[in-house]
């Protein structure tokens, strides 16, 4: 195994374990995937039937964008996992990591007509950077995959109406940190709306746009550079087997 694949497996397994610690998992459903740097069209995803807390670097499954298992393991993978992840990896080579979850706050936000409002600092990082995809049922056919990719475009993520949330990143760390910001912003928005009796006034468009530019900086470096080492240190203390 090349060193790059080994490191990607470790980072992806860490994302699963960190998601489990935050209560972002949904028993055996939802997925986080990562495209392999030296194998175009191949990516890693969780083995179907495992809880997020059981994912390790070595039990991740290698599949292609059509959902075929290509590592010789014969492992089961969830068709809805590659239906969503495969089409995004195929359309967005820059989206090294795709994170799709059914978090409580994310699903609540995805049920609201307002979308993500500029009500908090975490929300401003994602200001204008989230698309929306209408709910079309449980299965994603080829037509819906095209519409999903179109809704995402070059953005950082999606609200999947009445379904869940999705973020993409140039690294696993970036996708994870963006999901953290989205989940935090959703909690703040829902609490603020409940306290206010509806959507409260948010940050003005000019300041929101300025804050986004300040956040990403002139180099637009990937999110997570600062946070990921700290997250891994915490994980090594609680879940030291994730990199096995």
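Each value in this text was obtained by applying a stated rule to the coordinates, not by laboratory testing. Worth saying up front: this structure is predicted, and the values here are computed from it rather than measured. Glycine gets a Cβ as well: all are built from the backbone with ideal geometry, and neighbour counts include every protein chain shown.
Below is a table of values for the structure above.
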| quantity | calculated |
| --- | --- |
| Neighbour-count ranking [beta-carbon atoms within 10 angstrom, fewest first] of 55, 32 | 55, 32 |
| Least to most buried among 70, 84 (fewest other Cβ within 10 Å first) | 70, 84 |
| Whole-number D in µm² s⁻¹ for the stretch 1-122, Kirkwood Cα-pair radius fed into Stokes-Einstein, 20 °C, 1.002 mPa s | 142 |
| Cβ-Cβ FRET estimate between residue 209 and residue 39, R0 fixed at 35 Å, reported to 0.05 | 0.35 |
| Degrees separating the helix 227-238 axis from the principal Cα axis of the chain, which is the longest one | 60 |
| Distance in nm between pseudo-label sites at residue 58 and residue 162 (7 Å out along the Cβ direction from Cα) | 4.4 |
| Calculated FRET value between residue 244 and residue 2, using beta carbons and R₀ = 22 Å, to 0.05 | 0.75 |
| Viscosity 1.567 mPa s, temperature 4 °C, Stokes-Einstein D of the stretch 106-173 from Kirkwood C-alpha radius, µm²/s | 103 |
| Relative contact order of the chain, pairs being alpha-carbon contacts under 8 Å that are 6 or more residues apart, as % | 22 |
| Estimated distance in nm for a label pair at residue 149 and residue 193, the labels positioned 7 Å out from Cα along Cα-to-Cβ | 3.1 |
| Two-site label geometry, residue 236 and residue 51: point separation in nm, points 7 Å out along Cα→Cβ | 2.5 |
| The stretch 204-244 shape via C-alpha gyration tensor axes, a/c threshold 1.5 | prolate |
| Choice from 125, 68, 170 with maximal GNM fluctuation in the chain (Cα, 10 Å cutoff) | 68 |
| Angle in degrees between helix 205-216 and the longest Cα principal axis of the chain, rounded to the nearest 10 | 30 |
| Convex hull of Cα atoms in the chain, direction-averaged projection (nm²) | 13.1 |
| Between helix 3-21 and the chain: long-axis angle, C-alpha atoms, 0 to 90°, nearest 10 | 50 |
| Kirkwood Rh and Cα Rg combined as Rg/Rh, the stretch 118-224 | 0.99 |
| Taking 21, 213 and counting other C-beta atoms within 10 Å, the order from fewest to most | 213, 21 |
| For the chain, calculated [θ]222 nm from helices alone, where every DSSP H run of n ≥ 4 adds -39500 (n - 2.57) | -13500 deg cm²/dmol |
| Computed E for residue 68/residue 21 - FRET, C-beta separation, R0 30 angstrom, nearest 0.05 | 0.45 |
| Per principal axis, descending, Cα span of the stretch 50-137 in whole Å | 48, 29, 27 |
